[in-house]
Each structure stands twice: as C-alpha cells, then as structure tokens.
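Peer 1: Dropping a structure here in structure tokens format, bear with me for questions.
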Amino acid sequence: MIDAGRAIEAVWRIESPKLIASLARFVHDVSLAEDFAQDALLAALKQWPEGGIPDNPAAWLTATAKRRAIDHFRRSESLQRKYTALANEQEHDEMPDPNEDLGDDLLRLMFVACHPVLSQEARVAMTLRLLGGLTTAEIARAFLVPEATLAQRIVRAKRTLSEAGVPFELPPAAERADRMGSVLAVIYLIFNEGYSATAGDDWMRPELCQDALRLGRVLAELAPHDSEVHGLVALMEIQASRFRARVGTSGEPVLLLDQDRARWDRLLIQRGLRALTRAQETRAGALGPYALQASIAACHARAGRAEETDWVQIAALYDALGQVTPSPVVELNRAVAVGMAFGAASGLSVVDAVADEPALQGYHLLPSVRGHLLEQLGRGAEARAEFARAASMTRNERERELLLQRAKSSGR
C-alpha cells in the first residue's frame, strides 16, 4: 500500500512550480497563484487518502486550484471580468493540461521570483518556495534562520512584488540578459550555500545543492541557447560530483587536494562536461563567468590524481575570469592557482596585492589562503597565526575545526 501522505509530498515537490506558474498566467498574481495551489494541496491531503491518488495528479491539482480561483473571483464583483475569463477556460477544459505553455510559464515565474525589486535574501526564499517546492520551515532550516523570520521575508517579498506591479511576463528582450543574470546568481547562491555552508554544524547541505541543480537543469531546458545557463549547470554538475569525497567518516571537511578521486561521481562529471560543451557551442564570443568557472572545475575533474592537475591552465582561466568579472575574491582564488603553478611566493604576492580590499575584510578565506601559502614557504609561525585568524572569522563549526587543526599542525 502506497503511503498517501508521502506520495502527496512527492507530487507536490515536483508539480507545485508548474502548478503555480500555470495559475499565475491566469490570475496575474504570484501570491494569489500560490494561495490557490496551497488550497489544492489541502484538498489533496483530505481526499487522496480516502479516495486514492488520481491517475493524473498534476491535472487534478490544476483543476482543483482553478476551481478555487473561480470561486474567489466569483465573490469579487470588481474582478468579474477575470472570473468570466477563468470560467470560460474551465468550461472548455474541465481537466486542463498542466503542461500547456509550461515552459514560458516556468520561465516567467523564475524571472518574477528573482526580480530586481527584491533583496537577494528574498529572491532566494521566493525561488525555493515557488520553484523548489520547499516549505517555509525547510527553507528556514536550510539557511539557519527562525521560521518566523523566513515567513516574514516571504510575506514582504510578495507585498513588494504586488506594490511594484511586477507583471507575470517575460522581460523585454533588452532587459532579459541582465534579468537572466539575476536568476543564475540566485541559483548559484543556493548551490554554494549547500556546497560550503556559511554557518552551523554541517560542512555541507547537499539537499540545497540538489535543489539548485534541479532548477538549473530545468532552466537549461527553458533557455537552450543561453551559454551561461549551460555554464552554470556544468559547474554545478562537476562540483556535485565531489560530494562523497568532500566529507570524512566523522563529517569533517576533506580539502580538494586530499580527496579520494575514486569516490567522485563519474556520471555527474560526464554530464557536466557535456553541459560545458554546450556552453562553448552556444557562445558567440568569449566564455562568460559561469562557463569559465566550469572550465576550471573541468580541469580538476579530468585529473585522475591531484598531482596531474593542470594548474597553469587553471591560472590562465582565472586570469580570463578576472577580466570578465574583476573581483578580489577571484584574485584570491587565482592566488591559489598561481601558487600551485609557479610557486607559493608568486601566489603570496597575488594575495598581498588584494589584502587591503574592503570586500575581503572579515572574509575568512583571505587569512586561510595566506596561511596555506606561508606554510608552503616554510614560514610556520606566520601560517599558524593566519589559520588561527581564519578560524576566528568563520561561522561554520566544521570549518573552524579544520582551520584550528591546520594551525596546530602547521610548521611541524
């Protein structure tokens, strides 16, 4: 006997983005669309355990949600015209096809959830709620914030969208590239939070990475000619291939050069390399930042052993990345590659050139990278001090333990 509750949860996680996107096209209000979708979920929770799961759960949810919408607009005389349009739709399509115009609807929903009028935190919350199918409690737990705080964030985001009159439509062609950049940034932020958790007791939160990867794969289908979409998917696929090797038996972090590469997921690597090829094929000119980062990840993935890594190529790719998106953080990563390719002294000079950048003040990876390079140069006391400083700055307990251990062992 199939557990109806678990089946409903699985269906909801998969179908809710499509359902909300489809409803939003008709009601032109994302907040209302989510409310009607939630009503349909509550109806399913009540009826499916008794009457059984329908043959087409998605169509059942869509029809139920649209009936809720019709009831709502019937009670609102000021929206009588919208009710009439919805009633006509329902009359001609009693069990509507949830896949009708689905691609455009999902893309519209992504652009709305990541709209520039929202803060970055709100974009993340809305994306996971509307497109990831996560509950408020799940999102709050993933980002280590109180559920009430996260709920208020979502409410404020919906109010902001409504007050700004954000339409449920694809942005004009002139704005689409910038808006797509916002969508990609949100997806990658979600992935990164799962890949290296900012705070808490866990080094990783793989479920967040999986949510981001699923959204990226959907987006790649919706925007097949966008090089950077494929670049982001390639980057996430290859990074995700390392999951099993990034954590030790006690949950401790395992750094890239120390990982057992036999534990890397070769299927995900192949998927990533294929996505990278698509990014290269669909790009008219030079590669964008996500495709360049994917190219760096590919260099690691192609090396069977750490010592076989082509660090010269990685350093060159970081040079290119720094030209496309100049950033002190990119320079910090380049310093590691330069240190591996041309010696620790060369890498240290790159770090010291950006050490006073405001963006790196309070950033724990600055002293961490300096400590690594100083250790390579045999300057143990200085390395220990840098690792200890980095440990005092991170909010992740697993990372703090690793940095303190490195401080303790440095120079031995």
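The values are calculated or read from the model by the stated rules, or taken from the named source; none is laboratory data. Bear in mind the structure is a predicted one, so any value in this text is a computation, not a measurement. Every residue, glycine as well, gets a Cβ built from its backbone with ideal geometry; the counts of neighbours run over all protein chains shown.
Peer 1: Looking at 247, 218, can you tell me which residue is crowded, with 17+ Cβ neighbours inside 10 Å, farther than 18 Å from residue 180 by Cα and out of contact with any Lys or Arg (no Cβ under 7 Å at 6 or more places or on another chain)?
Peer 2: 247
Peer 1: I would also like to ask the following. Name every residue in the stretch 311-370 that is of a type in the set (Val, Ile, Thr) and either closer than 21 Å to residue 391 by Cα or surrounded by 17 or more Cβ atoms within 10 Å (Cβ to Cβ) (or both), in order of residue number.
Peer 2: Those that are of a type in the set (Val, Ile, Thr) and either closer than 21 Å to residue 391 by Cα or surrounded by 17 or more Cβ atoms within 10 Å (Cβ to Cβ) (or both): 314, 329, 330, 336, 338, 350, 351, 354, 369.
Peer 1: Consider residue 76 against the criteria (1) among the small types (Gly, Ala, Ser); (2) modelled with pLDDT of 85 or more; (3) touching a helix residue (DSSP H, G or I) at 6+ places or on another chain (Cβ under 8 Å): it satisfies all of them except one. Which criterion is unmet?
Peer 2: (2)
Peer 1: Kindly evaluate residue 277 against the criterion of being β-branched (Val, Ile, Thr), at pLDDT 95 or above and over 26 Å from residue 372 (Cβ atoms).
Peer 2: Considered against the rule, which asks whether it is β-branched (Val, Ile, Thr), at pLDDT 95 or above and over 26 Å from residue 372 (Cβ atoms), residue 277 comes out as yes.
Peer 1: Starting from the stretch 117-139, keep only residues that are at pLDDT below 90, then list their pairs with residues that are part of a helix (DSSP H, G or I) and aromatic (Phe, Trp, Tyr) whose Cβ atoms are within a distance under 7 Å, requiring at least 6 positions of separation or different chains.
Peer 2: 133/12
Peer 1: Does residue 386 satisfy being in a helix (DSSP H, G or I), surrounded by 21 or more Cβ atoms within 10 Å (Cβ to Cβ) and not small (Gly, Ala, Ser)?
Peer 2: Judged against the criteria, residue 386 is a match.
Peer 1: Something else about it: For the stretch 116-134, enumerate the residues that are at negative phi, surrounded by 21 or more Cβ atoms within 10 Å (Cβ to Cβ) and not hydrophobic (A, V, I, L, M, F, W, C).
Peer 2: If the condition is that a residue be at negative phi, surrounded by 21 or more Cβ atoms within 10 Å (Cβ to Cβ) and not hydrophobic (A, V, I, L, M, F, W, C), then 123, 127, 129, 132 are the ones that fit.
Peer 1: Assuming residue 19 fulfils every condition listed in (1) farther than 28 Å from residue 210 by Cα; (2) of a type in the set (A, V, I, L, M); (3) at pLDDT 85 or above apart from one, which condition is it?
Peer 2: If we test residue 19 against (1) farther than 28 Å from residue 210 by Cα; (2) of a type in the set (A, V, I, L, M); (3) at pLDDT 85 or above, just (1) comes out false.
Peer 1: Only one of 37, 24, 43 is over 25 Å from residue 127 (Cβ atoms), modelled with pLDDT of 85 or more and not acidic (Asp, Glu). Can you tell me which?
Peer 2: The match here is 43.
Peer 1: Take the residues in the stretch 168-180 that are surrounded by 12 or more Cβ atoms within 10 Å (Cβ to Cβ) and closer than 24 Å to residue 33 by Cα; name whichever of them is nearest to the chain's Cα centre (by Cα).
Peer 2: My answer is 180.
Peer 1: Quick check on my filter: what residues within the stretch 281-293 are of a type outside the set (Phe, Trp, Tyr) and either surrounded by 16 or more Cβ atoms within 10 Å (Cβ to Cβ) or within 16 Å of residue 326 (Cβ to Cβ) (or both)?
Peer 2: 282, 283, 286, 287, 288, 289, 291, 292, 293
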